[in-house]
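The structure appears below as structure tokens.
Throughout, read-outs are computed from the coordinates displayed, never taken from laboratory work. Everything numeric in this text was worked out from a predicted model, so none of it was measured. Positions of Cβ are generated from backbone atoms using ideal geometry, with glycine treated the same way; all protein chains shown enter the neighbour counts.
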Ligand SMILES: *Cc1c(COP(=O)(O)O)cnc(C)c1O
């Protein structure tokens, strides 16, 4: 039996033909027809008007924050239960990061705590330049509530939608309606371009300027003229071909991830002490990863013991993201709340969720857990 990975790439077969087309066209470069087609296809799929394909989701968040004017002296409020790639750019731009806990119902940014955080900074006379909620494991944050709170204070919402490609919030695609949203096509995400990301916004001027900055910020001139500094952040035309093939397979991938989640619930759900990640009624997430909470007393196995039992069978599983406010690098950062994400981190486990898994694979993973817990 080969090792079972948490979320490996899953190719549809169409990608190779598109990569060959990219080769035949001669555009082996960070520009070209596949890149344009990929951006158009993503805009059509997501309903977000303007899309800029980039070398990573981290680059997309970096450019997004830069477009919002984030810099030294500003505060950026981010979800604490997230991946470091989403928040590092804010610190690298010189802003002060502060973290907001999630709520129990959605595992995403708690609107009441966001309100408290904004109030606190307003009282202190500090400028909060951006609010950056993470769509955790494909579950959308409660955009409408967060947006309304941000609007009252004139703060921009930048959604870290790296994990929620294909997810829906009240029928809209993840990230739609925010000032901007960033997506990731890293190898372990629901679809991949072999690495890559994308910044999307309905604001054409924002994306046009981000596009200029992503290509070393050239001013219009025949020679190289620069009045500001940018980045080399564009996605390769060859990788965009992979992304385009993957995008065509996305609807089926979302269905399969949701099925895998349901299969885990079917095989594990009756065991005492096992609960699955919730889903709000206004969200239809992509279930990027199937996550369970294990109660050691009731189930007979804590998440770390469960992980080791799976590892012994060459099955990869992982703890949830370790909250940012617990990270040594952010030891001095402020946090609003924190107990909910600490508890989720202590009790949660991400199970193999790759879309190439069969129902029998899901059953096999579940059986290892039940046997290790003495419930087999
Ligand atoms: C994957 C991920 C990122 C970073 O995306 P990359 O494409 O790997 O740079 C950022 N935020 C979150 C929440 C992610 O899961």
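I'd like the full set of residues that are in a helix (DSSP H, G or I) and away from the ligand (no atom under 16 Å from the Cβ), limited to region 130-145.
Scanning region 130-145 gives 144, 145.
Looking at region 49-85, which of the residues that are in a helix (DSSP H, G or I) and more than 15 Å from the ligand (Cβ to nearest atom) is surrounded by the most Cβ atoms within 10 Å (Cβ to Cβ)?
Top of the filtered list is 67.
Which residues, taken from region 159-185, are within 12 Å of the ligand (Cβ to nearest atom) and in a strand (DSSP E or B)?
159, 160, 181, 182, 183, 184
Out of (1) over 25 Å from residue 35 (Cα atoms); (2) over 16 Å from the mean Cα position of the chain (by Cα), what's the single condition that is false for residue 142?
(2)
Residues 200, 249, 193: which one is under 19 Å from the mean Cα position of the chain (by Cα), more than 16 Å from the ligand (Cβ to nearest atom) and surrounded by 16 or more Cβ atoms within 10 Å (Cβ to Cβ)?
Testing whether each residue is under 19 Å from the mean Cα position of the chain (by Cα), more than 16 Å from the ligand (Cβ to nearest atom) and surrounded by 16 or more Cβ atoms within 10 Å (Cβ to Cβ) leaves just 249.
I'd like the full set of residues that are away from the ligand (no atom under 16 Å from the Cβ) and surrounded by fewer than 24 Cβ atoms within 10 Å (Cβ to Cβ), limited to region 105-116.
Selection gives 105, 111, 112, 113, 115, 116.
Could you please find all residues in region 330-345 being touching a residue at least 12 places away in the same chain (Cβ under 8 Å) and out of contact with any strand residue (DSSP E or B) (no Cβ under 6 Å at 6 or more places or on another chain)?
Selection gives 330, 337, 338, 339, 342, 344, 345.
Of the residues that make up region 276-289, is at least one over 21 Å from the mean Cα position of the chain (by Cα) and either touching a residue at least 40 places away in the same chain (Cβ under 8 Å) or closer than 30 Å to residue 78 by Cα (or both)?
no
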